[in-house]
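In what follows, a single structure is set out as structure tokens and then discussed.
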Amino acid sequence: MTRFLNALASRDADAIRGLVSTGDATLILGSDPREWYEGGDASELLVVQAEGMPRFEYDIHRIAAFENGSTGWAASDVTARLESGHAVALRMTAVFCLDHGVWRVVNWHTSAPEADDPEVIGVELSETMSRLVDEVGSGFDLTALTRKLRTRTATIVFTDLEDSTIRSAEVGDERWSDLIVRHFGELERIALSHDGILVKTLGDGAMFAFGSAYGAVRASLAIREMSLAVGAGTRAVAIRLGLNTGEAIATDTDFFGQAVNIAARLAGAAEAGQILASETVRTLVGDRDDIAFGPPLSVTLKGIPDVKRAFPVDRRPEPAR
């Protein structure tokens, strides 16, 4: 999604054409009722639109992305800032297909988010769970809903590739996409060998869940050591990782909750090639012959004020003979 936005913002016609599928299933929708573009003409229409737009910069406030095999989808809240200084709030959704190693758009929808207007739709829609429960009354079975969610203890691991945007520009989108596909395959293999699962990929990073904190640490060390295999050109791409153990809400396809958020923030706080574990992981793993935890580091995790320190993780050197 960010690559496509970059192409639009820079009015890069070749990039737009390369990131939009030319198949008959392609559909591009805009906030204007007339913006309904289908098939192979969609990318050319986008090129014409981009050439006529003023240059703009954008801020992504929230983004969610998922994939299943060769299909992916994403959504984001964006503010576009035009050269004139005018700011436009936009909400975007997209569906992608993996075509020769490149994620290409098959469906893109842009709209201007507006509050539900009861004069337009005839009713005022409930927008929070508490209002929904209040409005439907005692006939609403909240227990039936919560049964669909399962709380379980898991060790969550997030990975992230350092300077991936720079590296992808160096080798080109198609070559980079091939590298990333192989990279995720290797990561999943490592996770499975340590009784973990690949939950989802997030751009150039990934999220894993493990039943054992020790298994998660060993997998993280193996993932970091295979980072050289993801080298772009003559330089290696370093991986950083964050780990945390806690109670998470599990659905059939994902994990949610503060335990997950902490792991993600720790990955963001790690330096290139570094593994940062929470104090909970450090306590659960304990002293092992093959694992070495470094002295605690002071960390500031956005939105998580109660976590103040993290532990770097390395392999314990073998004793000298």
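The values are calculated or read from the model by the stated rules, or taken from the named source; none is laboratory data. Remember, it's a predicted structure, so these values are computed and weren't measured experimentally. Here the Cβ is made from the backbone with ideal geometry for all residues, glycine too, and neighbour counts use every protein chain on show.
Please enumerate the residues belonging to the range 277-321 that are more than 19 Å from Glu247 (Cα to Cα), of a type in the set (A, V, I, L, M) and within 24 Å of the chain's Cα centre (by Cα). Matches in the range 277-321: Val299, Val313. Strands (runs of 3 or more DSSP E) fully within the range 236-319 that include at least 3 residues being under 17 Å from Phe208 (Cα atoms): 239-250, 275-277. Looking only at residues in the range 285-321 that are of a type in the set (Val, Ile, Thr) and in contact (Cβ under 8 Å) with a residue 40 or more places away in the chain, the one that is surrounded by the fewest Cβ atoms within 10 Å (Cβ to Cβ) is Ile304. Return yes or no: is Ala320 at pLDDT below 95, in the same structural domain as Glu188 (by TED's automatic domain parsing), out of contact with any helix residue (DSSP H, G or I) (no Cβ under 9 Å at 6 or more places or on another chain) and not charged (D, E, K, R)? Answer is no for this residue. Of the strands (runs of 3 or more DSSP E) lying entirely inside the range 1-113, those carrying at least 2 residues that are within 24 Å of the chain's Cα centre (by Cα) are 27-29, 56-68, 71-82, 87-99, 102-111. Scan the range 261-272 and give yes if some residue there is polar (S, T, N, Q) and touching a Pro at 6+ places or on another chain (Cβ under 9 Å), otherwise no. For the range 261-272, residues polar (S, T, N, Q) and touching a Pro at 6+ places or on another chain (Cβ under 9 Å): absent.
Of all residues in the range 8-29, those that are over 17 Å from Ala80 (Cα atoms) have Cβ atoms under 7 Å from Cβ atoms of residues that are basic (Lys, Arg) and modelled with pLDDT of 85 or more, 6 or more apart or on another chain, in Leu19/Arg104; Val20/Arg104; Ser21/Arg104. Of all residue pairs spaced 6 or more apart or on separate chains, those with beta-carbon atoms under 8 Å, a first member in the range 58-76 that is at positive phi and without any contact (Cβ under 8 Å) to a residue 40 or more places away in the chain and a second member that is surrounded by 10 or more Cβ atoms within 10 Å (Cβ to Cβ) and not acidic (Asp, Glu) are Gly69/Leu98.
Summed over the range 135-159, the residues that are in a helix (DSSP H, G or I) and modelled with pLDDT of 80 or more give a count of 0.
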